[in-house]
1. Restricting attention to the stretch 307-336, which residues are in a helix (DSSP H, G or I) and over 23 Å from Phe184 (Cα atoms)?
2. State whether one or more residues within the stretch 337-346 are within 28 Å of the chain's Cα centre (by Cα) and in a loop (DSSP other than H, G, I, E, B).
3. Restricting to strands (runs of 3 or more DSSP E) lying wholly in the stretch 223-296: which have 3 or more residues that are under 23 Å from Ser132 (Cα atoms)?
4. The conditions are (1) within 24 Å of Ala348 (Cβ to Cβ); (2) out of contact with any strand residue (DSSP E or B) (no Cβ under 9 Å at 6 or more places or on another chain); (3) among the charged types (D, E, K, R), and Lys230 fails exactly one of them. Which is it?
5. Among the residues of the stretch 300-307, is there at least one that is acidic (Asp, Glu) and in contact with a Phe, Trp or Tyr (Cβ under 8 Å, 6 or more places away or on another chain)?
6. Are any residues in the stretch 113-168 assigned to a strand (DSSP E or B), basic (Lys, Arg) and either touching a residue at least 40 places away in the same chain (Cβ under 8 Å) or more than 20 Å from Leu285 (Cα to Cα) (or both), and if so, which ones?
7. Kindly indicate the residue of the stretch 206-215 that is surrounded by 13 or more Cβ atoms within 10 Å (Cβ to Cβ) and out of contact with any Lys or Arg (no Cβ under 6 Å at 6 or more places or on another chain) and also nearest to Ala181 (Cα to Cα) among those meeting that condition.
Amino acid sequence: MTAIQQINRVFLLACAPFLGMLICLLFITVKIPMGPLATTLSTTFNFHQETLSLDSKLTKANNDALQTKSVIQQYFDVYAKSTIEVTALLQNAAAQAAKPGLIYDTRITAKLGSPIRQASSGNIDLKLFALSESNYKGYALKVNLKSDKAIKLVLGKDKMGSSETTLEAVSRYGAVAGVNAGGFADDNKGKRYPLDTTIMNGKYVNGFFPTNNDTTFIGLNKDRQLIGGKFSSQSELDKLNPLMGSTFVPVLLKNGSKTSIPSQWQSSPARAARTVMANYKNDQLLFIITDGVNESGNSGATLAELQDKMQQLGIVDAYNLDGGGSTTLVMNGSVINRPSDGKLRPLATNFLFFK
């Protein structure tokens, strides 16, 4: 055996065990348990899959939310636009509905001329006009009552039997204007009481008095509408829901037509300072106050002249309040007319107006 053969033999013997093991590995499948490591890898893989799924769902939800937001925004825009359009329509409708009233007010105001004084607030609108007729001078106070707080009938010094001038009442209450109200009667102790039926705040001050010698109740109901006339019973007057009012004589206009003036009032006095309370068909009030130089009956207006004037002005109903030296008109702290007594007369009742 040569040296080379010996060397090959040695290598063959040395490698034989390894060759055998290699052959065994080729024909034998070995399963190696992974233990906890395999579980961890599987869990991690499943968590990753769920995360991907959740992320996909969140992405879809976000897209859906964006789409829903877009739809809601579109509806909101349509609603906002519709609201603006509806508001504009309502405002236009209100303006159209108010036009007839504004036109009517413009017409009746135009007949009085231009106001020489005025006052306005959320409670009341007052416009004062000068009257200059051929036989008399005076004033017209146009009153639009907007609330129950705009007008009040007050007793002199707020006491039965007491009296005060219209200016004193206006100052004491802080009113913007005032007009004398009903007649009065004096007793032998110097007390001055309202004539017949007088109502304040819906209550009878001194009871009900049926019409006597053409006496007339003149006042407002709880809707601030002018009411008045002759009443034989309290229940008859109560049907009109009176809120305030006083008594004098006579009725001058009813439903736009002249009423018959009692003979004694046609000549006693023929002319005098007068105070008239009237209304228009839209329930605005008009107080006419005429000047008289004295109580002689030779200055001022006749009741017949005032009937003609009020028909010309478009008045519906009109009633004569106390006149002569009682006639007083106060506005913004000043006496507007010229009292025929030469000074202001203390009165039992006054109408006051408030801003």
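1. Gln307, Asp308, Lys309, Met310, Gln311, Gln312, Leu313
2. Checked the stretch 337-346: no residue is within 28 Å of the chain's Cα centre (by Cα) and in a loop (DSSP other than H, G, I, E, B).
3. 275-279, 285-290
4. Looking at each condition in turn, Lys230 falls short on (2).
5. Yes, the stretch 300-307 contains a residue that is acidic (Asp, Glu) and in contact with a Phe, Trp or Tyr (Cβ under 8 Å, 6 or more places away or on another chain).
6. Answer for the stretch 113-168, where residues must be assigned to a strand (DSSP E or B), basic (Lys, Arg) and either touching a residue at least 40 places away in the same chain (Cβ under 8 Å) or more than 20 Å from Leu285 (Cα to Cα) (or both): Arg117, Lys137, Lys142, Lys152.
7. Thr215
Residue by residue, here is whether (1) loosely packed, with under 15 Cβ neighbours inside 10 Å; (2) of a type outside the set (D, E, K, R); (3) at pLDDT below 95 holds:
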residue	(1), (2), (3)
Asp196	no, no, no
Gly219	no, yes, no
Lys222	yes, no, no
Leu226	no, yes, no
Gly229	no, yes, no
Ser246	no, yes, no
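The values are calculated or read from the model by the stated rules, or taken from the named source; none is laboratory data. Just so we're clear, the structure is a prediction, and the values are computed from it rather than from any experiment. Here Cβ is always computed from backbone atoms with ideal geometry, including for glycine, and neighbour counts include all displayed protein chains.
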